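Chemist: Below is a structure I'd like to ask you about.
What follows is calculated from the coordinates using simple rules that are stated; it is not laboratory data. Since this is a predicted model, take the numbers as computed values, not measurements. Please note: Cβ atoms are built from the backbone with ideal geometry, for glycine as well, and neighbour counts cover all protein chains shown.
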Amino acid sequence: QKEVEQDPGPLSVPEGAIVSLNCTYSNSAFQYFMWYRQYSRKGPELLMYTYSSGNKEDGRFTAQVDKSSKYISLFIRDSQPSDSATYLCAIKGYAGNMLTFGGGTRLMVKP
Amino acid sequence: ETGVTQSPTHLIKTRGQQVTLRCSSQSGHNTVSWYQQALGQGPQFIFQYYREEENGRGNFPPRFSGLQFPNYSSELNVNALELDDSALYLCASSVPRLETQYFGPGTRLLVL
């Protein structure tokens with residue numbers, strides 16, 4: 001079992017839809033949670049960062065963490081074609097230096 | 001503020017050769033991490049450098065090695081290249097008090 005599981009998709013939605021992207025993780029030592037967006041042939045771009053259970057909102061994006069269920073989500077409201085990319089969840093423990101990534105979910109927003 | 005830069009953008013090598021990839025960290029960031037991203041997968045942690053010393057290593061063999069320089073830039077060296085080393089190599093910079101890492105555009109390596 002991988003430490004971080006993420007549905008690879010692809011997930012195809014119409015423009016304006018609400019998108020829900022999810023990851024599950026197995027290690028309760030993970031304390032810091034990030035979402036990155038990666039366009040084709042580019043490096044990952046940090047979208048959201050949180051370290052506590054609950055919701056964090058930034059514009060059209062909301063990150064949600066449920067530590068009791070080891071489940072994290074990213075919601076995108078009013079999705080746009082420019083949101084079409086691969087979304088990676090990344091998790092870090094309190095100690096240690098590495099980010100552990102999910103495999104990424106490919107999102108396609110159709111006009 | 002200058003972001004993370006990497007060079008070259010892409011290169012092609014043959015099996016058994018050696019390769020050096022370079023990274024300049026974001027302004028003010030003294031920690032550099034390297035990741036390997038195979039096609040269709042998430043990035044895998046190779047190692048991290050802080051104050052010119054290796055500061056953590058993932059599950060990669062010793063033929064993957066690195067350096068960090070006094071200006072915080074870094075190199076990733078891979079010896080005895082194998083076909084499975086074909087991937088996007090990502091450099092990320094950070095500072096110890098922050099948990100987030102900021103990535104460069106990557107170097108795409110193809111081993112034939």
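Chemist: Using the alpha-carbon centroid of each, what span in Å lies between region A:3-81 and region B:1-74?
Modeler: Value for the Cα centre distance between the two parts: 25 Å.
Chemist: Sticking with this structure for a sec: Please name which of A:GLN80, A:LEU21, B:LEU112 has its Cα lying farthest along the dipole of the protein assembly as shown towards the positive end, using unit charges on Cβ (Lys, Arg +1; Asp, Glu -1) and the Cα centre as origin.
Modeler: Checking the options against the dipole of the protein assembly as shown, the answer is B:LEU112.
Chemist: Average partner chain C-beta neighbours within 10 Å, per residue of B:95-104? Each step should come with its number before you reach the end.
Modeler: Values: counts 0, 1, 0, 2, 10, 9, 10, 5, 8, 3.
That works out to 5 on average.
Chemist: Over chain B, what relative contact order in percent results from Cα pairs under 8 Å that are six or more residues apart? Can you show the working numbers first?
Modeler: On the way: 293 pairs, mean separation 41.1, N = 112.
Reported as a whole number, the value is 37 percent.
Chemist: With unit charges on the beta carbon (Lys/Arg positive, Asp/Glu negative), name the residue among A:PRO8, A:GLY96, A:MET108 whose Cα is farthest towards the positive pole of the charge dipole of chain A.
Modeler: Positive-end residue among those listed: A:GLY96.
Chemist: With only Lys, Arg, Asp and Glu charged, each at its Cβ (+1 for the first two, -1 for the last two), find how big the charge dipole of chain A is about the Cα centre; round to the nearest 20 debye.
Modeler: Result for chain A is approximately 200 debye, rounded to the nearest 20.
Chemist: Of B:THR14, B:TYR35, B:PRO61, whose Cα points farthest to the positive end of the dipole of region B:1-88 (charges on the beta-carbon: +1 Lys, Arg; -1 Asp, Glu; origin at the Cα centre)?
Modeler: Checking the options against the dipole of region B:1-88, the answer is B:THR14.
Chemist: Apply the Karplus parameterisation 6.51 cos²θ - 1.76 cosθ + 1.60, with θ equal to phi minus 60°, to every residue of region B:48-57 and state each ³J(HN,Hα) to the nearest whole Hz, in sequence, with x for glycine and proline.
Modeler: Going residue by residue, I get 10, 10, 9, 6, 6, 10, 5, 10, x, 9 Hz, with x marking Gly and Pro.
Chemist: Gaussian network model of chain B, Cα springs within a sub-10 Å range: biggest mean-square fluctuation belongs to which of B:ARG57, B:ARG22, B:ARG97?
Modeler: B:ARG97
Chemist: Report, by chain and number, residues whose modeled amide H sits under 5 Å from the one on B:GLY56, excluding near sequence neighbours (fewer than 5 apart, same chain).
Modeler: Here the answer is B:GLN48, since their amide H atoms fall under 5 Å of that of B:GLY56.
Chemist: List the trypsin sites (Lys or Arg not before Pro) within region A:14-111 that DSSP assigns to loop and that have no more than 13 neighbouring Cβ atoms inside 10 Å.
Modeler: Filter output for region A:14-111: A:ARG41, A:ARG77.
Chemist: May I ask you to list the GluC sites (Glu not before Pro) in region A:1-86 that are in a DSSP loop and have at most 15 other Cβ atoms within 10 Å of their Cβ? Walk me through the numbers before you get to the answer.
Modeler: Numbers: sites: A:GLU3, A:GLU5, A:GLU15, A:GLU45, A:GLU57; in loops: A:GLU3, A:GLU15.
Of the GluC sites (Glu not before Pro), the ones in loops of region A:1-86 whose Cβ has at most 15 other Cβ atoms within 10 Å are A:GLU3, A:GLU15.
Chemist: Just how many % of Cα pairs in chain A lie over 24 Å apart, if you round to the nearest whole percent?
Modeler: I get 19 percent for the Cα pairs in chain A exceeding 24 Å.
Chemist: Straight-line reach from A:LYS110: which lysines have a Cα under 27 Å away, not including same-chain ones fewer than 8 places off?
Modeler: Cα-Cα hits under 27 Å: A:LYS42, A:LYS56.
Chemist: Tell me, what HN-Hα J-couplings in whole Hz come from the Karplus equation 6.51 cos²θ - 1.76 cosθ + 1.60 at θ = phi - 60° for each residue of region B:19-29, using x for Gly and Pro?
Modeler: Once θ is set to phi - 60°, the couplings for region B:19-29 become 9, 10, 10, 10, 8, 10, 6, 5, 3, x, 9 Hz.
Chemist: Return one quarter of the surface area of the convex hull spanned by the alpha-carbon atoms of chain B, equal to its mean projected area, in nm².
Modeler: 6.6
Chemist: By per-residue mean of other Cβ atoms within 10 Å, what is the highest-first order of B:4-15, B:33-44, B:67-78?
Modeler: B:33-44, B:67-78, B:4-15
Chemist: Expressed as a rounded percentage, what relative contact order does region A:1-95 have, with Cα pairs under 8 Å and six or more residues apart?
Modeler: Details: 183 pairs, mean separation 34.4, N = 95.
The normalised contact order for region A:1-95 reaches 36 percent.
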